[in-house]
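Please treat every number below as a calculation from the coordinates, not as lab data. Nothing here was measured: the structure is a model prediction, and the numbers come from that model. Neighbour counts run over all protein chains shown; Cβ positions are idealised from the backbone, glycine included.
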Amino acid sequence: MTLRLLLPLLALTLWSPFAQAQRIAFVNTKYILDQMPEYRAAQQELDRASSQWQKEIDERYDMIKRMRDAFNAEAILLTEEMKRARMAEIEEREREARDLQKKRFGPKGDLFKRRQELIQPIQDRIYQAIKEVAGTTYVAIFDIGGVGNNVLFASEKYDKSDSVLRKLGIKPGKTTDDGGGTRGGAEEDDDEQPAPPQRDGGGTAPPRGGENVKPR
């Protein structure tokens, strides 16, 4: 089960009367992913593959443009039959280029499959680490690093992202991309029993945007 599928259930849990006596925490999966060397390596490989495939497609369209330019320059010298043959060849090359573009970058194309292959194992590791961090202590852990999260308030006191990184064997402390400074080192001990977060209390509003754990 992915974190995105868990969010609606966790949202109901958060505001239920039962949850008022329970501990609730959150993690920022974008922050966690950005600190994982294997995720950065996977992104670099995806970028390389995407660049290579895009170059291949661009070369196809450049060739088609040259064919069209040559046809337009020579059309006055061609018979009708020759014109039809040349246009048919150009249209065939255009179909091939569109098919290749769909094959590489379509909804179920090569880039999508490669991303699944590289990113899914990393997502599974994060989810397992989150479950271990939660244990029996937390009734809910929300992800504030994904697009469209519905968390209205989140106190830094309950951010368990660094605990997940430690569970993954990674030392927290990398500066985040959003200019928020260096994380880590000041997280509350799991044995402490703070009150659940209040909607009208102090703290920081959760950031918007980011990348979901669930693959694209």
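Structure values in brief
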item	result
Footprinting exposure proxy for Ile170, Ile144, Ile130 (fewest neighbouring C-beta atoms within 10 Å first)	Ile170, Ile144, Ile130
Ranking of Asp159, Asp47 by count of other Cβ atoms within 10 Å, fewest first	Asp47, Asp159
Efficiency of FRET from Cβ geometry, Asp58 and Arg84, R₀ 41 Å, rounded to 0.05	0.90
